[in-house]
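Structure first, then comments.
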Amino acid sequence: MKFTDGYWLTRPQYEIQSPKEVFDFRKTADSLTLYAPFNKINDRNDELNLGMTTIKLTSPVEGVIGIKLTHFDQKQSGPSFELENEHPEVMINTDDKELSFKSGSLTAKVPFKSDFELDFLHDDKVITKSMEKAEGVIHDKDTNKHYMREQLSMGVDELIYGLGERFTALVKNGQSVDIWNRDGGTGSEQAYKNVPFYLSSEGYGVFVDQPEKVSFEIASENVDRTQFSVEGESLQYYVIDGPTPKDVLNKYTRLTGQISLPPAWSFGLWLSTSFTTDYREETVMKFIDGMRDRKIPLDVFHFDCFWQKGFEWCNFLWDPEQFPDPEGLIKKIHDRGIKVCVWINPYIAQKSPLFEEGRKNGYFVKRGDGNVWQWDLWQAGNGFVDFTNPDAVKWYQSKLKALLDMGVDCFKTDFGERIPVEDAVFFDGSDPKREHNYYTYQYNEAVYDLLKEEKGADQAVVFARSATVGSQKFPVHWGGDNLSRYKSMADSLRGGLSFLVSGFGFWSHDISGFEEHATPDLYKRWTQFGLLSSHSRYHGSVQYKVPWLFDEEAVENTRKFVDLKLSLMPYLFNEAVNTHETGTPLMRPAFLEYTNDRNTYFLEHEYMLGSKLLVAPIFNAEGDVKYYLPAGKWTNILTEQSYDISKGGEWLAEKYDNLNLPLLARENSIILRNPNAEHAEYDYTDAPDINCYEIANGTKVSTRVVDEHGDHAGSVTVSRQGDQLTVATKGLKGQSKVFIHENGDVKEFAMSGDESTFTI
């Protein structure tokens with residue numbers, strides 16, 4: 001939201017008041033409260049008829065400082081984000097010239113009884129600051145609404161990322177962003193997953209702890225500052241110190257919730273019925289057996305909306321005309337080693353047998369007159385399950401439990417964005433404006449908690465579209481309704497990378513696009529991208545997405561990249577465990593790995609898959625690709641093409657056939673693979689191939705080996721002296737092969753025991 005008219009003037013409807021000095025303070029063992037009036041105080045008369053901002057500094061996590069700005073201290077209805085408090089030690093210093101509050105290496109400083117300025121320092125270096133007239137208490141004279149605003153300074157070269165899954169440019173400078181969940185597709189400024197957290201290239205982050213709409217102006221209204229504002233009389237935000245972007249994400253996820261580790265099987269290929277296509281048991285089994293007959297491994301089969309009768313979503317009942325024996329069908333699918341996912345949403349249509357049950361018991365969001373809040377958007381007469389009502393949560397979970405008892409393994413938790421605000425009444429009295437974004441957290445928490453209870457924490461996974469702060473605890477998420485176009489494929493990647501640097505670890509997208517019909521070439525290129533994403537699902541609206549309906553090369557392409565991903569699971573699942581432990585996303589923008597290479601900060605059409613592999617998808621039918629390689633030695637693991645980028649990074653322009661793309665391992669990498677894998681979940685310690693890429697002389701590198709449950713099970717260490725390469729293993733079973741990749745050449749050796757030395 002913009003309040004000013006250019007740099008000098010305020011828009012006529014607004015009155016803005018800002019702190020002029022800190023006149024007084026109070027401190028406790030773990031907090032510092034500042035009292036900052038809107039004028040300087042020279043004598044006692046100046047203390048009359050004057051407002052002030054109360055500024056409270058706290059620290060829930062070491063290296064994180066919370067700042068709460070309050071004009072009027074008014075009671076606020078829920079909900080609020082669920083935050084962790086690690087109670088770190090803080091240092092508070094006060095004297096007659098300066099007040100400071102320190103947590104870890106982050107310090108907030110403010111002058112005492114002098115010109116107001118709130119500085120944030122990493123060690124002794126200012127990383128950002130709230131300058132004079134930046135904080136604002138704002139009155140809209142036309143509407144009588146009140147707002148709170150903060151502006152934090154930006155450096156000359158500073159770049160801003162995050163704010164959720166945004167399909168605009170990855171670098172957010174110059175953008176206006178409203179944190180407000182919407183069902184707007186993947187081709188606009190609207191987003192399904194809005195997160196009021198941004199990451200700065202300067203090694204810090206800012207989280208605005210407000211579940212309602214937060215309006216950001218990122219180097220837009222004021223091109224030297226990042227601004228955020230909310231309606232109301234208070235504003236809570238946290239400055240999160242790095243010094244690296246990965247450090248910021250670690251502290252942010254410690255504050256808002258650790259990223260949960262999805263089960264290993266969820267990393268395999270998911271195949272969907274698609275949405276409006278005609279399908280029944282015969283169709284489903286034809287697709288599953290068709291994949292088997294073509295030797296394309298499948299880990300999950302997904303039933304989209306029409307597993308239930310139309311106009312009755314959700315009734316949680318299989319359509320008896322299309323699926324007369326759902327238990328028998330699920331058993332057939334399970335007998336083929338495949339999990340079952342079914343689509344759900346948090347709305348109950350008026351025709352559903354459950355509507356009257358929910359209405360009678362008060363399980364739906366209501367209007368002020370006591371009636372159920374309904375509309376006809378999506379399904380006729382939709383009511384919204386009210387997850388602020390504990391009994392409604394249990395009721396909803398009971399319907400899902402019946403499906404789990406039937407054999408269903410997981411749920412696609414669709415929707416959760418268009419939650420009513422006007423004339424909406426929630427069971428617990430929550431403010432509808434704060435509930436709108438937060439609803440998706442409550443919805444997915446209810447489903448995820450049930451899965452944990454019934455299946456175990458290591459088997460719980462959803463496939464969610466909407467998200468907010470903390471939703472990283474309920475993986476995985478997919479990118480929503482994209483188009484079957486190359487541009488939409490690129491938009492999806494950009495949105496995913498934005499989402500993943502907003503505190504999330506795992507992400508997927510509809511391979512080949514949801515809307516429209518995909519061409520064979522698009523299907524093949526998107527399949528490559530999809531199988532080199534953290535999670536992989538074929539899905540569509542009007543078109544089946546099995547490869548043989550496109551052409552035989554599509555079948556070969558799908559088989560190749562499914563086999564590739566399954567073979568990489570010893571590497572990928574270890575990286576996924578690291579995501580769970582540290583908050584670094586599995587798929588990640590290149591700048592997270594190459595913080596010293598400024599060129600990587602603008603890359604939005606390529607990414608790192610884990611810490612060792614770089615992926616550059618191809619976004620055209622011709623097979624042309626331009627991508628950037630940071631300095632170092634690289635090897636394309638598909639073609640063995642090697643690159644020696646020794647004098648800084650380099651842009652490359654290449655052409656690939658339909659079965660290949662740039663997929664490169666960085667130097668000094670150990671990539672464990674099992675080329676015989678038939679599913680995503682297997683024993684990763686059982687004789688994996690040990691691939692060593694460009695191990696430099698005098699170097700010693702190692703990798704952890706995890707089992708299929710994510711537990712630390714062993715290690716592989718590789719060291720090189722001259723032409724001697726020594727490989728040492730712990731915890732591995734059987735006899736592994738060692739492949740040494742160097743200068744475009746591959747040499748194969750066999751391990752003898754737990755340690756072997758090879759001459760290159």
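Tabulated values for the structure
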| item | result |
| --- | --- |
| Any pair with Cβ under 6 angstrom, 6 or more apart, that starts in the range 312-327 at a residue that is touching a residue at least 40 places away in the same chain (Cβ under 8 Å) and ends at one that is open to solvent by 20 Å² or more (accessible area, probe 1.4 Å) | 312/351; 316/399; 322/280; 323/281; 326/318; 327/406 |
| Lone qualifier among 343, 378 - being surrounded by 17 or more Cβ atoms within 10 Å (Cβ to Cβ), of a type in the set (A, V, I, L, M, F, W, C) and either on the phi > 0 side of the Ramachandran plot or in contact with an Asp or Glu (Cβ under 8 Å, 6 or more places away or on another chain) (or both) | 343 |
| Residue under evaluation residue 115, criteria (1) outside any strand (DSSP E or B); (2) surrounded by 13 or more Cβ atoms within 10 Å (Cβ to Cβ), criterion not met | (2) |
| Matching residues in the range 391-434 - criterion: being assigned to a loop (DSSP other than H, G, I, E, B) and among the basic types (Lys, Arg) | 418 |
| So residue 553, is it in a loop (DSSP other than H, G, I, E, B) and open to solvent by 10 Å² or more (accessible area, probe 1.4 Å) | no |
| Per-region count, the range 47-89, residues over 25 Å from the mean Cα position of the chain (by Cα), over 16 Å from residue 107 (Cβ atoms) and open to solvent by less than 50 Å² (accessible area, probe 1.4 Å) | 6 |
| Verdict on residue 609 being within 21 Å of residue 561 (Cβ to Cβ) and among the hydrophobic types (A, V, I, L, M, F, W, C) | yes |
| Top-ranked residue in the range 274-303 [being under 23 Å from residue 681 (Cα atoms) and assigned to a loop (DSSP other than H, G, I, E, B); ranked as most open to solvent (accessible area, probe 1.4 Å)] | 295 |
| Residues satisfying the stated conditions in the range 155-174, i.e. open to solvent by less than 30 Å² (accessible area, probe 1.4 Å) and assigned to a loop (DSSP other than H, G, I, E, B) | 158, 159, 165, 166, 167, 170, 171, 172 |
| Those strands (runs of 3 or more DSSP E) lying entirely in the range 574-671 with at least 1 residues open to solvent by 20 Å² or more (accessible area, probe 1.4 Å) and not β-branched (Val, Ile, Thr) | 624-629, 632-636, 642-645, 650-655, 663-666 |
| Test: residue in the range 431-443 that is closer than 28 Å to residue 338 by Cα, touching a Phe, Trp or Tyr at 6+ places or on another chain (Cβ under 6 Å) and open to solvent by 20 Å² or more (accessible area, probe 1.4 Å) | no |
| Search result, residues across the range 387-417 that are of a type in the set (Lys, Arg), touching a helix residue (DSSP H, G or I) at 6+ places or on another chain (Cβ under 9 Å) and in contact (Cβ under 8 Å) with a residue 60 or more places away in the chain | 399 |
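The values are calculated or read from the model by the stated rules, or taken from the named source; none is laboratory data. Computed from a predicted model, the values in this text were never measured in an experiment. Don't worry about glycine lacking a Cβ; one is built from the backbone with ideal geometry, like all the others, and counts go over all protein chains shown. Calculation scope for accessible area: heavy atoms of the full protein, side chains included, ligands and nucleic acids excluded. Shrake-Rupley method; radii C 1.70, N 1.55, O 1.52, S 1.80 Å.
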